[in-house]
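> Here it is, the structure in full.
Here, each number is a calculation from the coordinates, and none is a lab measurement. Computed from a predicted structure; not experimentally measured. No Cβ is skipped: glycine too gets one built from the backbone with ideal geometry, and neighbour counts run over all protein chains shown.
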Amino acid sequence: MKSNPHPAGFAWIIYFLLYRVMRYRYTEVIQNLSRSFPEKSYGEIRRTAIDFYRHFSRLFAEMPLMMTMPRRHIGRRLTLHNASLIEDYQAQGRPVIVMLGHYGNWECLSMLPALLRCPVYGVFKPLSNRFFDRLMKRIRSRFGLQLLTMEEAPRYLLQRRLPPGAYVFVADQSPPQGKHVVDFLHQPTPVITGTERLAKAVDAAVVYAVIRRQEGYCWEMSFSLITDQPATEAPFEITRIFNARLEQDICQSPAYWLWTHRRWKKNLRS
């Protein structure tokens, strides 16, 4: 599908405002990149930062498309690789927990119900701004994605009378308390472990997902198995594998991760 010139022009305006005028969280972006890639020169870090702001701006420009795109165009915007991995477990009556990071375009999750032959639940953290929270809920639920908060998800999964489905967690959030720490992008990083505990409690297959940009405003979501025997995994092994795969994807294309996020609020080395 060819790129629409209007989103491209809108993306350039957003980029100009965020990067050139507002310098939106520029210090955090440079610091995060520098600490994550200590082997890179300042020039390389700055070029990656510019690429990130361009990518970030394009995500904003895609929001009107997400609000107006007809259902029949979803297959053009998003293609799935290895989707049968999820559908096979669903056919066996098992829930599937899908873990992904703030990489690529995680808002593509809203299109999954139109492409997968099973119920899809998106687990999100509510936004602090009420207007944007309502807007994002409207966009995310437009094609049938059922929204759950972090607090609601365990109750839904633990109620076994519900039909099996795919429960999608954006799992690179900062935990309220850093009880478990992994080495992630050369830094000790507190990570959430609730997704792993939930998978073990309900015997859910755990799948890693990554979303990569294709030509224009099109995306591909790929799935790979982390484990289908969560109870047999060592403590925090599922969490470790998820973060290792996410780190690998970030290192391949750094500009596509959310570098404005204050991921390392505290220096755990001190």
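> Between the stretch 201-264 and the stretch 43-114, what is the C-alpha centre distance in whole Å?
12 Å
> Could I ask something else about it? Relative to 2.2 N^0.38 Å, what does the C-alpha radius of gyration of the chain come to as a ratio? Two decimals please.
On the way: Rg = 18.5 Å, N = 270, 2.2 N^0.38 = 18.5 Å.
Its radius of gyration relative to the 2.2 N^0.38 Å reference: 1.00.
> Let me ask something additional. Out of the chymotrypsin sites (Phe, Trp or Tyr not before Pro) in the stretch 142-213, which ones are loop residues according to DSSP with at most 13 other C-beta atoms within 10 Å? Intermediate results must be reported in sequence, preceding the final value.
Values: sites: Phe143, Tyr156, Tyr167, Phe169, Phe184, Tyr208; in loops: Phe143.
Answer in residue order: no site qualifies.
> Only sites in a loop by DSSP and with at most 16 other Cβ atoms within 10 Å count here; which trypsin sites (Lys or Arg not before Pro) in the stretch 154-229 make the cut?
Details: sites: Arg155, Arg160, Arg161, Lys179, Arg197, Lys200, Arg212, Arg213; in loops: Arg160, Arg161, Lys179.
When the trypsin sites (Lys or Arg not before Pro) of the stretch 154-229 are filtered for loop state and at most 16 Cβ neighbours within 10 Å, Arg160, Arg161, Lys179 remain.
> Give me the one-decimal nm value for the distance between modelled label points at Leu65 and Thr27, 7 Å along each residue's Cα-to-Cβ direction.
That separation, rounded to one decimal, is 3.5 nm.
> Still on this structure: Give the longest segment of the chain that steers clear of GluC sites (Glu not before Pro) in DSSP loops with at most 11 neighbouring Cβ atoms within 10 Å, not counting the sites themselves. Intermediate values should be presented prior to the final figure.
Working: sites that count: Glu39, Glu151, Glu215.
Within the chain, the longest run free of exposed GluC sites (Glu not before Pro) spans 40-150.
> Report the net charge of residues surrounding Ala199, where surrounding means a beta-carbon distance below 13 angstrom and charges are Lys +1, Arg +1, Asp -1, Glu -1.
On the way: positive: Arg94, Arg197, Lys200; negative: Glu196, Asp203, Asp228, Glu233, Glu237.
Here the charged neighbours net out to -2.
> Quick one: work out the % antiparallel among DSSP beta bridges in the stretch 72-256, nearest 5.
Rounded to the nearest five, the antiparallel share is 35 percent.
> May I pose another question? Do you know the Lys pair count in the chain for C-alpha distances under 30 Å, with sequence separation 8 or more or different chains?
Lysine pair count for the chain: 15.
> Would you please name the trypsin sites (Lys or Arg not before Pro) within the stretch 26-125 that are DSSP coil residues with at most 13 other C-beta atoms within 10 Å of their C-beta?
On the way: sites: Arg35, Lys40, Arg46, Arg47, Arg54, Arg58, Arg71, Arg72, Arg76, Arg77, Arg117; in loops: Lys40, Arg117.
Filter output for the stretch 26-125: Arg117.
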